[in-house]
Structure formats: structure tokens, C-alpha cells
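What follows is a set of notes on a single structure, which appears directly below.
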Amino acid sequence: MFFKTEAQTSVLNLADNLYASGNYSKAIEQYKLYNMPKEVYNKIAKCYVAIGNYDEALKNYEAYIDANPNDVLIKFEYAILLSQTKKYKEASVVFKDLVAADTKNPNYHYQLGIVLEKLNDSSAIDSYRSTFELDSTHQKSIYKIAKYYLQKGKNQLAEDYADIGLKTYENNLELISLKAQNYYLKQNYKYAAIWFEKLVELGESSHFVHVQLSSCYYKLYEFEKAIEQRKLALEINPDDAESMFLIGKYYYENNDFINAENYMKQALELLDNPLDEEYSKLAVVLNSQKKHDEAIAVLKKAIKENPENINAEFMLVLTKDRYYADIDSKIQAYEDFKKRFPSDDSYSPYIANRISELKNEKFIKAGEEKD
């Protein structure tokens, strides 16, 4: 018996050493040689977790818990693994048992909230609130509560909770992002920009952050900063045609028509199905540079995209008016518009007035030629 006990102790020590050194498969082999398996099921489970065999890990956790139902630490590890393997319903049952066993443990409440949220159970927020009541510095639960209020449109409550969290952890990226988004939703672009800038300062260089910050700057008429941030977004996602087009738009707003044209053309090349509005905006940029012939070609593309786009049709007529030297051609362009949109009320007064002006101009010119 002495030698058998010594041998089993050696088996267990060897298995523990193998586990500690990261030789998990060998450790499993040794643990399975141990003659009191109910004492090592949990260790075998951890080895299986380490090598990524989660099904076997769960089986061994279950075997251990059946033999040791009062070991809450292992039960917690088991519940976490259930959650990680997307067995949310089973995980919720175990976490509810843990909460019942220790209602004062904030992490039990938080983890229960996580799985309930995955199950689309509306009571998840109650678990997050319980976590916060037990630990007012629990950053993850504070974020969940603040996010919940933001989604519900309760902006002030969202901001209040974010501020509570930032008092104990001022560089919490999730809460900083939430504050930035909250100000953006309230159309307070000045303060939204401040918080998005803080994210960038902390190294949070993501496509979303640069796009949102760019939008803030644009709303604040800081076009150069808006362009800079959109270019950073474009570095992260070079095929982002929307960012490319908006850079062109911002250049146009900043009266840089050459760059505006360049970026808009690049964007339209990337788009599989360019929209008529994008072509129309490019036409505005081309007209600003007196490239009326190119603007006409672009507007024709816009109309091809959407034959009912009356704005593009009207812009095409105006561009032809600028480009054509022949008065009759100008008049004909306006007459064609009237035939195409006979019931239009928005542009018809201008059209009628312009036709009258052109006919008068033609009459005067004809008189001058006779003289």
C-alpha cells in the first residue's frame, strides 16, 4: 500500500509538472493514470482547454462537478467555458446557481448578464445593474449600462454612467468612445470631436474613429482637418469609395477644385454601381473649373443611372447653356427639358424666363447683324 501510494503521488506530481511546463497532452495521459479520477477531472479539463479541445474539457468539468458539487470555483470555470463555446442557455443556468449561492459576488452577476444578453434576454440589464450596485468601479458593467441607455435614447443617463466610470479609469477606451458617440448623436460636434481626438491620442486609430472625427470637423467647417481624418480612414481601408468621394466633396467646400475632381473620379471608378448623385456632384466640381464639356458627359452618366433625376437633367440644361455658343442650341436644350418634364413646377418659371431671354438675345443679335 505504501509503494502504491508513493507511485500514485509520483504520477500526480509528474502530471502537475507536465501541466505547469505546458506539456498538456502528456499531462492528460498521466492524470488518467491516477487512481482517484474525481480529484483530477478539473485538471484534465484545464489541459483540454489549453490544447483547444473544448468538448472534452466540458465533459471533464461536468464529471468533476458531479463528484464535487460544492466547488464553486470550478463551477465558475465551467460556466465561463460554456459561454465561450456559445452554449449560452446552459451557461445561464450555471451562473444563476452561482448567483444564488453568492449574491454578493459582482462578477457572477456580470457574467450572467453577458450570457443573458447573448440570449436576447431583456433582464441582462438587471444583472449589469446588480453588478454596479455591488461594485461601483466595475468598468465593464458601467459600460454595458451606459451603452444600454445610449441605445434607448437616454443620452444624459448614458453620459452620467460614462462619467462615473471615467472617474476611476480615465483612459477607458470604450467609455471615451461612448461619450464621443453620445455627443455626436446630440449634434454637439465640438465636444464629440474632443472625445474622438482623445481616442486617437490613446492610439485608437480605427476606421470608425477617423470617419466620425472627420464628420465632426466637416460639421464645424474645419475642412482641412476633415480631409486629414478621412485620408487616415482611407489608409486603413483603401477601397472605401465613400471616404474617397467625401474627401473630394470636402476639397470642393475648401475651393480646391483640382483635388476635388481627382478624388471624386477615383471614387466613381471604385463604385460598382455609381449613384447619380455622385455624378451630379462631380459635374458641379467640373463646372466650377469651366470644364463644361466634361460636366455634360458626367451628367449624362448621372441621368443614365437614374432617368427620373430631374435635378441632374436641369443641371445638364444649365451646363449646355454655359457651353453652347449657338443660341438656338441653348433654346432647344430648354425646350427639350420642358417636353421631358411637362408637369414640373419647380424649374418651369426659370425655364420659361430663360427661353424668353435667349429669344430676345437672338432677336437683338439678328438686328445688329442686319445693321
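When ASN287 is tested against (1) outside any helix (DSSP H, G or I); (2) buried (at least 19 other Cβ atoms within 10 Å of the Cβ), only condition (1) is not met. SER206 meets the conditions (1) within 18 Å of LYS147 (Cβ to Cβ); (2) modelled with pLDDT of 95 or more in every case but one. The failed one is (2).
Considering region 316-340, the residues that are under 23 Å from GLU277 (Cβ atoms) and out of contact with any helix residue (DSSP H, G or I) (no Cβ under 6 Å at 6 or more places or on another chain) include one that is surrounded by the most Cβ atoms within 10 Å (Cβ to Cβ), namely LEU318. Within the span defined as region 102-124, one or more residues are touching a residue at least 12 places away in the same chain (Cβ under 8 Å), closer than 23 Å to ASP71 by Cβ and under 23 Å from the mean Cα position of the chain (by Cα). Scanning region 248-261 for residues that are of a type in the set (A, V, I, L, M, F, W, C) and buried (at least 23 other Cβ atoms within 10 Å of the Cβ) gives a single hit, ALA260.
Can you list the helices (runs of 4 or more DSSP H) lying wholly within region 142-203 that have 2 or more residues being under 22 Å from ARG230 (Cβ atoms)?
173-185, 189-201
For region 341-352, which positions are surrounded by 11 or more Cβ atoms within 10 Å (Cβ to Cβ) and at pLDDT below 85? Listed by number, the list holds a single entry, ASP344.
Every condition in (1) of a type in the set (Ser, Thr, Tyr); (2) surrounded by fewer than 21 Cβ atoms within 10 Å (Cβ to Cβ); (3) out of contact with any Gly (no Cβ under 9 Å at 6 or more places or on another chain) holds for SER214 except the one numbered (2). ILE51 falls short on exactly one of the conditions (1) surrounded by fewer than 19 Cβ atoms within 10 Å (Cβ to Cβ); (2) more than 37 Å from the chain's Cα centre (by Cα); (3) among the β-branched types (Val, Ile, Thr), and that condition is (2). Taking the criterion of being of a type in the set (S, T, N, Q) and either in a loop (DSSP other than H, G, I, E, B) or surrounded by fewer than 19 Cβ atoms within 10 Å (Cβ to Cβ) (or both), the residues of region 84-102 that qualify are GLN84, THR85.
Select from region 103-134 the residues that are in contact with a Leu (Cβ under 8 Å, 6 or more places away or on another chain) and assigned to a loop (DSSP other than H, G, I, E, B) and list them in ascending order. Answer for region 103-134, where residues must be in contact with a Leu (Cβ under 8 Å, 6 or more places away or on another chain) and assigned to a loop (DSSP other than H, G, I, E, B): LYS104, ASN105, SER123. Among the residues making up region 125-156, those that are crowded, with 20+ Cβ neighbours inside 10 Å, under 23 Å from GLN181 (Cα atoms) and of a type in the set (Gly, Ala, Ser) are SER141, ALA146. Please verify whether region 353-370 includes one or more residues that are in a loop (DSSP other than H, G, I, E, B) and either among the acidic types (Asp, Glu) or surrounded by 15 or more Cβ atoms within 10 Å (Cβ to Cβ) (or both). Within region 353-370, not a single residue is in a loop (DSSP other than H, G, I, E, B) and either among the acidic types (Asp, Glu) or surrounded by 15 or more Cβ atoms within 10 Å (Cβ to Cβ) (or both). Looking across ALA15, ALA57, ALA20, one residue alone is modelled with pLDDT of 95 or more and at negative phi. It is ALA57. Residue pairs whose Cβ atoms lie under 6 Å apart, separated by 6 or more positions or on different chains, with the first residue in region 19-38 and surrounded by fewer than 14 Cβ atoms within 10 Å (Cβ to Cβ) and the second not hydrophobic (A, V, I, L, M, F, W, C), are ASN35/GLN8.
Just to be sure before I move on: is PHE245 surrounded by fewer than 22 Cβ atoms within 10 Å (Cβ to Cβ), at pLDDT 90 or above and of a type in the set (Phe, Trp, Tyr) in the structure I sent? So PHE245 does not fit the description; no.
Can you run down the residue pairs with Cβ atoms below 7 Å, 6 or more apart or on separate chains, where the first is in region 163-180 and over 10 Å from TYR143 (Cα atoms) and surrounded by fewer than 15 Cβ atoms within 10 Å (Cβ to Cβ) and the partner is modelled with pLDDT of 95 or more and β-branched (Val, Ile, Thr)? Here the result reads THR168/THR137, each pair linking region 163-180 to a residue that is modelled with pLDDT of 95 or more and β-branched (Val, Ile, Thr).
The values are calculated or read from the model by the stated rules, or taken from the named source; none is laboratory data. Remember, predicted model here, so these are calculated numbers, not experimental data. Note that we place each Cβ from the backbone using ideal geometry, even for glycine, and neighbour counts take in every protein chain shown.
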